[in-house]
Every structure is written in C-alpha cells, then in structure tokens.
1. With +1 on each Lys and Arg Cβ and -1 on each Asp and Glu Cβ, how big is the dipole of region 342-384 about its Cα centre, in debye rounded to the nearest 20?
2. Provide the net charge surrounding Asp348, with neighbours chosen by a C-beta distance below 14 Å and charges set as Lys +1, Arg +1, Asp -1, Glu -1.
3. Pairs Lys340/Lys377; Lys89/Lys283; Lys286/Lys358: which are spaced more than 26 Å apart, C-alpha to C-alpha?
4. How charged is the neighbourhood of Arg184? Take every other residue with its Cβ under 9 Å from the Cβ of Arg184, and add Lys/Arg as +1 and Asp/Glu as -1.
5. Return the long-range amide H neighbours of Leu35 (sequence gap of 5 or more, or a different chain), with a cut-off of under 5 Å between placed amide H atoms.
6. Whole-Hz Karplus ³J(HN,Hα) for region 249-265, in order, using 6.51 cos²θ - 1.76 cosθ + 1.60 and θ = phi - 60°, x for Gly and Pro?
7. How many percent of the accessible area of region 23-91 is carbon or sulfur, using a 1.4 Å probe?
8. For a quick check: with amide H placed at 1.01 Å from N, whose amide H comes under 5 Å from Arg262's, ignoring anything fewer than 5 positions away on the same chain?
Amino acid sequence: MNPDRSRSCKGPCQPTRDQFLTAVGLAGASATDTLFVYFAGHGIVHPATDRLYLALQDFSNEGEYGTKAIRYADLQDLLWEPRIRARHKVIVLDTCFSATAFDDSMGMNAVYQKLRTRGACTMVSSDVTETSRAPEGTDYTSYTARLISTLQYGIEGEEATLTLQAVHRHVRERLRSASISTPRILNVDDTALVRIARNRAFDGSANSGGASTPSPVEQWQDFQDELFSVLKAGLGAAHSTVRVGNSLPWDPQLGPQQEGERLLAFIEHRKMLENRFTAFTTKAVKFRHVNNGTSVAQVDYTDMHRWSVKSTEARPVWEWWKEAYADWYGISQYARSTPKYEILLACDETMFYVPHGKLRDAPFRILLRKVRDLTRKYELDLPE
C-alpha cells in the first residue's frame, strides 16, 4: 500500500454508535480503491437473535444493543450504500465470537448475497464459539499483535507484496500453533488476493511457503503475557505493601515513563531514613536501595539474560555486637535470630541490591530468577 495514496480516518477515541457509523461512512464516500475498516473491541451475540453486535465503550451487560452497540448487519448495510464507491472493502473484526458475522452475511437470498459480497473480504479473529484473547499486561490483543507483526516484519518465502489471503494465513498459523484462536476469512471474488502491503521479509529468492520465525513484536507480546502471569502468581496475595495489576498508576518515584511503558508490580519498603522499592514494568526491573546509591537503578529485560540472581546474609550491627558480647563473656549457648538475606542482581563487575520489602527472601529470589529465565527463553530484542 502506497502511503502517498492512502488516507486514514480518525474519529473520537470512544465514539457513540452514530459517531462510529458517520466516520466509517465519510471514509467510505471518499475511498476510490480500497476501504479498510478495522474494529477491535468486545463482540457480543444477541441472546434472542444470535446476531453479532460490536459493543461500544459504555455498553453494559444489562443489554443496550440498540443504542450502545452496533449490529454488524448495520455496518454491512452502510458499506454497501450507493455512495460507497470503493472497488474493494476489507473488514477486520478483532472481537470474541467474530465469525458470527458470517452468519449475518449468509442470512439472505442467493442473488442478494452475491451482490453484497462482490468486492468484499471479511477477516475475523475467532470462530463462532471462541473468545479473542487480550492478555493482561500487554499492549494489544493476541490477534492484533500478530497482525501488526506480520505487516511490520513481513513473511519469509512470500512475494514482494502481501495479499490479504497471505496475511490471514500467516496470522492464523501463528495463533493456531499457540492454541489461542482460529481466525477465519470470508471472500467470494478475488478481493482476498488484493495486495495490501509490502513484504518486508522479501529477499528476492524463488522459495515460497517458508515458515517465518516469531518477530520481536510477537516475542514481546508473548513475553509480557507470561511475565504478568508470573508476577501475579508470585505476588498476587503476598503482602499489603505489594501492588500487582496489568496497568497500575505510574509511581513518580520511578522517574520518567518511557513511551508505551506500564507498571505491572510495585514492592515498597519504607524505613525511618530511607524508602526502598522494587518495580516490574513492561520494559525493565527498577529498584532503589541505599546500597545502590540515591538514584533509581534498573535492568532492562533485553539485557537481563546476562544477569545472575544471588543472595547474601544481611546481619544488622546489633547481631555482630551480641555475638561479640557472648564471646567476651564465654556464653556458649548464644541463640542467633533467624538469618535474613539480601537479594542481588550481578553481572560482570556490577552488583545491585534488589529490595523485597516484607516479602520472604527465598520466594522473592525464586520470582526474580523466573523473570530472568523468561528473558532467556524469549531472547528479547526491542521492537522497531
């Protein structure tokens, strides 16, 4: 797709039903070659009619289908109005139960069906009985992340430009291999063969059908999904000083927030003369400890595979004094208190103390190793 010959239509971030349909209608009226409509959100099947509805932001489970949701059939009617003159119409639905849209398309007589589907292609993220996954702690749904990845990094073994069919086939393979969902495509004529994007993985060879390795976007998507699961399992009910969530409010103690960075877990330990904390964001582990200096230290996940997790016994001054006192007076039965340990991240000559607050040191050490092992598993690179 040539950027100089394409236009995007941006409406309100959280549109009403009328605003949504108006924005699509205006875009369709100005399109001359291909109209591309993409909807990512909640898909709801009407309990009485079994028809697919696209829920808007303020839709409630009590049922406001007529005013706060868009019936997919109404969107179809809009796209086939005489004023919409685009040769090709591409509809992508990233919702639960999105293949129900095909039932809406098929519920008409054969002649009308043929007229309506000419020049149209519908791609959906899930089958009739499937939900679409939106992993906690990630930026996109599983389907959208893989679609973006395919367009951004291309498909090895495909031609210089990608068709809708090739993109769909690749995304479907990725999602099915991960046991996430089964995307489907509905097409009657040759619209699925429309070339929609340049293949960034094209190398000019004659080989075709090769399997691409997961791109950095996919790697980060899957890593963040598994990272949040590890944090939730290890810290979810740990202590009142621990917060875990897929998008916690950014704590000003962490310093500037990078673009797209979100806070997933925060462990705080306030003391009389210092304030220690450890934070897990979507991009790094950040911590402040008096032994590391006054600034916030961090280890990025892209670099964490090189770091080792260690522990060292933390002995307060009074422990040393009590031992010396017992030795001086010959007290042989000195009972030491249960030892406590500091957790450290070490790499080459660098070593950081990682506070764990009121948490027990052993479970926290295991958690930190699990996070480190995840970075080794995914061999992370920063997405472009």
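The values are calculated or read from the model by the stated rules, or taken from the named source; none is laboratory data. Bear in mind the structure is a predicted one, so any value in this text is a computation, not a measurement. All Cβ positions, glycine included, derive from the backbone under ideal geometry; neighbour counts span all protein chains shown. For accessibility, only protein heavy atoms count, side chains too; no ligands or nucleic acids. Shrake-Rupley method; radii C 1.70, N 1.55, O 1.52, S 1.80 Å.
1. Values: 8 positive and 8 negative charges, 90 e Å.
Roughly 440 debye for region 342-384.
2. Details: positive: Arg306, Lys310; negative: Asp303, Glu349.
Its environment carries a net charge of 0.
3. Numbers: Lys340/Lys377 31 Å; Lys89/Lys283 38 Å; Lys286/Lys358 17 Å.
In this structure, Lys340/Lys377; Lys89/Lys283 lie more than 26 Å apart at Cα.
4. Details: positive: Arg172; negative: Asp127.
Summing Lys and Arg as +1 and Asp and Glu as -1 gives 0.
5. Amide H neighbours of Leu35: His88, Lys89, Val90.
6. x, 5, 8, x, 5, 7, x, x, 9, 5, 4, x, 7, 10, 8, 9, 8
7. Values: 1710 of 3560 Å².
About 48 percent, which is the carbon plus sulfur part of the accessible surface.
8. Distant-sequence amide H within range of Arg262: Thr282, Lys283.
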